[in-house]
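Asker: Handing you a structure now.
Where a number appears in this text, it was derived from the coordinates with a stated rule and is not lab data. Note that the structure is a prediction, hence the values are computed from the model and not measured. Because the Cβ atoms are built from the backbone with ideal geometry, glycine has one as well, and the counts that use them run over all protein chains shown.
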Amino acid sequence: MSQSSWKDQIKQKWGPHLHCPICGKAMPSDRKLCSQACKDNYIKSEKKQKKKGRYQMIFLVGMMAVMMILMFALPIFS
Ligand SMILES: [Zn+2]
């Protein structure tokens, strides 16, 4: 009886637990993600977000460069 799984522990008493940020399942509070599959998903989405952030930075810098060019170029053409 000493080998009770965390699922049983949660069933017995709704003790300290967290919900997996990927799939929303209940899991023990000492874990960050419920399963290896969710871990993989998490790493994947994090990588994607980092990529997205980089693109946003490039876009922002590009926009600023265009604005600067326009600001300097408009007085010449007008
Ligand atoms: Zn999960």
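Asker: Just name the residue that is farthest from the ligand (Cβ to nearest atom) out of those in region 13-24 that are surrounded by 13 or more Cβ atoms within 10 Å (Cβ to Cβ) and part of a loop (DSSP other than H, G, I, E, B).
Answerer: Ranking the qualifying residues of region 13-24, first place goes to Pro21.
Asker: Would you please list the contacts, defined by Cβ atoms under 6 Å and residues six or more apart or on different chains, that run from a residue in region 22-38 that is of a type in the set (Val, Ile, Thr) to a residue that is more than 6 Å from the ligand (Cβ to nearest atom)?
Answerer: Once the first residue is of a type in the set (Val, Ile, Thr) and sits in region 22-38, its partners that are more than 6 Å from the ligand (Cβ to nearest atom) give Ile22/Asn41; Ile22/Tyr42.
Asker: Let me ask something else. Collect the residues in region 54-78 that are surrounded by 10 or more Cβ atoms within 10 Å (Cβ to Cβ) and of a type in the set (Gly, Ala, Ser), keeping them in residue-number order.
Answerer: Gly62, Ala65, Ala73
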